[in-house]
1. What are the lysines whose alpha-carbon lies under 18 Å from the alpha-carbon of Lys172, with same-chain residues fewer than 8 places away excluded?
2. Arg192 to Gln73: FRET efficiency via 1/(1 + (r/R0)^6), r the Cβ-Cβ distance, R0 22 Å, to the nearest 0.05?
3. Only bridges with both residues in the chain count here: give the DSSP antiparallel percent, nearest 5.
4. May I have the convex hull volume per residue, in Å³, for the Cα set of the chain?
5. Relative to the longest principal axis of the C-alpha atoms of the chain, give the angle of the C-alpha long axis of helix 27-40, reported between 0 and 90° and rounded to the nearest 10°.
6. Could you look at the chain and say what percent of its accessible area is carbon and sulfur, using a 1.4 Å probe and all protein chains?
7. On average, how much accessible surface per residue is there in the chain, in Å², for a 1.4 Å probe, leaving out ligands, DNA and RNA?
8. Using the alpha-carbon atoms, what tilt in degrees (0 to 90, nearest 10) does helix 185-209 show relative to the longest principal axis of the chain?
Amino acid sequence: MNLEVLSRPEYVVFTTREYAEASNIAAASASRQLGATAERGPLVRLTRGVWANPSHPYFHPLACVPKLLGNEQGYVSFLTALHRREIIQQIPRSIQVATTGHARQLCTPGGSYEFLHVTPKMMRRGIEWADTRVPYRIATAEKALLDTLYISRRRGRRFRSLPEVDLRPVTKRRFTELLQDIDDPRIATAVRERFETMRQSARLGSEARGDG
């Protein structure tokens, strides 16, 4: 086992191929070494060909997302991003990820993940790199809300009801701009209407509390 390689910051989350190339060994040998190390610790196998070192000080379950996506486009969004942006207080049970790939769930030793499909056009804007030691892409406040409302109008009607929402971090202008990335005009209209209903409820709630 090449401990010098595993001590590098970029090997908090990594693939078998990356370790093999850094260690100058065959992929099969790398897989055997990593598997043996995972049996003893500290490494864990997240999924086929993807490993993590949870004991590393830079480790965070969100840092696993880029490697778990593989060749798919994607970013942290939905309730996970809404919580990170302080729009909702409730912490979702799984890390929710927007992806161009197929919808699926993945339970790993590093955390539980839920991948929800959105169109490639919705990958263009409203996404930032997290300012963390191991970076990952995450939706802005407006984008996370848009994605959530978009999925709520799709088949299955996920996110029909939401936890209590604080819309103060959300800018209407930016949200409206992002609406243009929804291809289906019927869904875009439904998302806009629900957003306006949420804003109206927030205003009424603020007036009732005497905030405004």
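1. Lys143
2. On the way: r = 25 Å, r/R0 = 1.13.
Between Arg192 and Gln73 the formula returns 0.35.
3. Taking every DSSP beta bridge with both residues in the chain, the antiparallel ones total about 75 percent.
4. Values: hull volume 27.3 nm³, N = 212.
Output value, Cα hull per residue: 129 Å³.
5. 80 degrees
6. Details: 5480 of 11740 Å².
Within the chain, the accessible surface is 47 percent carbon and sulfur.
7. Result: 55 Å² of accessible area for each residue.
8. 70 degrees
The values are calculated or read from the model by the stated rules, or taken from the named source; none is laboratory data. Just so we're clear, the structure is a prediction, and the values are computed from it rather than from any experiment. Cβ atoms come from the backbone with ideal geometry, glycine included; neighbour counts cover every protein chain shown. For accessibility, only protein heavy atoms count, side chains too; no ligands or nucleic acids. Shrake-Rupley method; radii C 1.70, N 1.55, O 1.52, S 1.80 Å.
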